[in-house]
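The values are calculated or read from the model by the stated rules, or taken from the named source; none is laboratory data. In this text, all values refer to a predicted model and were calculated from it rather than measured experimentally. Methodologically, a virtual Cβ is constructed for each residue, glycine included, from the backbone with ideal geometry; neighbour enumeration extends over all protein chains shown. When the accessible area is computed, the model is the full protein with side chains, heavy atoms only, and any ligands, DNA or RNA have been set aside. Shrake-Rupley method; radii C 1.70, N 1.55, O 1.52, S 1.80 Å.
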Amino acid sequence: MASKLTGGDLQVITRIAVFRGLKAETVAHMIAPATAISLRPRESIVRQDEPATAFFIVVGGWVKLFRSNLAGDEAVIEIMSRGGSFAEAAALTGHRYLANAEAVTDARVARIPADHLVRCIRANPDISVPMIASICQHMHHLVQRVEQLKAQSGVQRLAEFLASLATAEHGSCALVLPYDKALIAGELGLTPESLSRAFAKLRSIGVTVEASQVAVRDVARLRKLATDGRSAVRGKLQAVR
């Protein structure tokens with residue numbers, strides 16, 4: 001259901017990379033026709049290969065970007081939270097959406113019409129600079145994701161994911177998984193069974209999980225495990241069994 005943007009929505013929207021460095025009045029003009037969409041879990045935002053009519057900013061909740069094939073299999077590209085934006089390139093070029101977008105939890109997403117965005121850029125080409133920078137940032141993130149899938153083991157990917165949720169740099173901490181394990185497995189390029197095995201291996205360094213609750217004995221050790229070479233990781237996990 002679409003509605004007007006609230007003050008809280010605007011606080012998130014005006015701080016994203018797309019608008020970085022622009023004057024407040026310029027940003028206000030760019031988002032003037034924007035609306036907010038409230039979504040329930042698994043509710044679709046856009047569908048892969050549909051004409052791109054807008055770009056989107058997550059102002060609350062979690063949103064999944066994924067591609068699907070004819071058999072219905074999903075490849076999760078990214079899970080976005082508050083402040084994340086997507087479909088900028090498709091909106092600017094008038095091409096089709098490259099991926100599906102769907103709410104993971106209750107979510108709120110701002111929708112900025114593509115035609116208005118293009119008119120703003122034609123009137124003021126300087127606006128395109130931060131947008132191009134944001135698109136490059138997304139590309140850099142995707143390259144890092146490919147590198148992670150190629151260079152890290154499943155245990156390391158899980159360790160890095162858990163470390164990203166930790167608020168502390170050292171010592172112990174308790175985490176709550178932000179969404180279900182099947183989706184975490186998809187995000188990390190694992191099967192649910194492989195994710196379970198990865199959690200089991202992390203028990204040897206003091207990581208325990210019960211439902212969505214995770215306890216980490218040593219955050220620094222978890223972070224180091226994520227960045228070590230594969231052979232070093234195998235040695236560490238075997239050494240403490």
Kindly rank 63-76, 6-19 from highest to lowest mean number of other beta carbons found within 10 Å of each residue.
6-19, 63-76
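How many percent of the accessible area of region 173-212 is carbon or sulfur, using a 1.4 Å probe?
The nonpolar share, carbon plus sulfur, comes to 54 percent.
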What part of the accessible area of region 6-63, given as a whole %, is carbon or sulfur when the probe is 1.4 angstrom?
51 percent
Membrane-span-like helices (DSSP H runs, Cα span along own axis at least 24 Å, mean Kyte-Doolittle at least 0.0) in the chain -> 128-151
The summed charge of the ALA54 Cβ neighbourhood (under 14 Å; Lys/Arg +1, Asp/Glu -1) stands at +1
Convex hull volume per residue for region 59-162, taking Cα atoms only, in Å³
129 Å³
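Quick check on the chain: helices-only [θ] at 222 nm, where DSSP H runs of length 4 and up contribute -39,500 (n - 2.57) each and the sum goes over total residues. Nearest 500, please.
Here the helix-only value at 222 nm equals -12500 deg cm²/dmol.
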If you wrap a convex hull around the Cα atoms of the chain, how much volume per residue is inside, in Å³?
137 Å³
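With all protein chains present, how much of the accessible area of region 93-167 (probe radius 1.4 Å) comes from carbon and sulfur, to the nearest whole percent? Mind dumping the intermediate values first?
On the way: 2350 of 3920 Å².
Answer for region 93-167: carbon and sulfur cover 60 percent of the accessible area.
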Quick check: convex hull over the Cα atoms of region 28-99, volume per residue in Å³, rounded to an integer?
96 Å³
Which listed pairs, of LYS64/LYS201; LYS23/LYS224; LYS23/LYS181; LYS4/LYS150; LYS23/LYS150, have C-alpha distances above 32 Å, in listed order:
LYS23/LYS224; LYS23/LYS181; LYS4/LYS150; LYS23/LYS150
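Where only protein heavy atoms count, and the probe is 1.4 Å, what is the accessible area per residue for the chain in Å²?
The answer is 53 Å² per residue.
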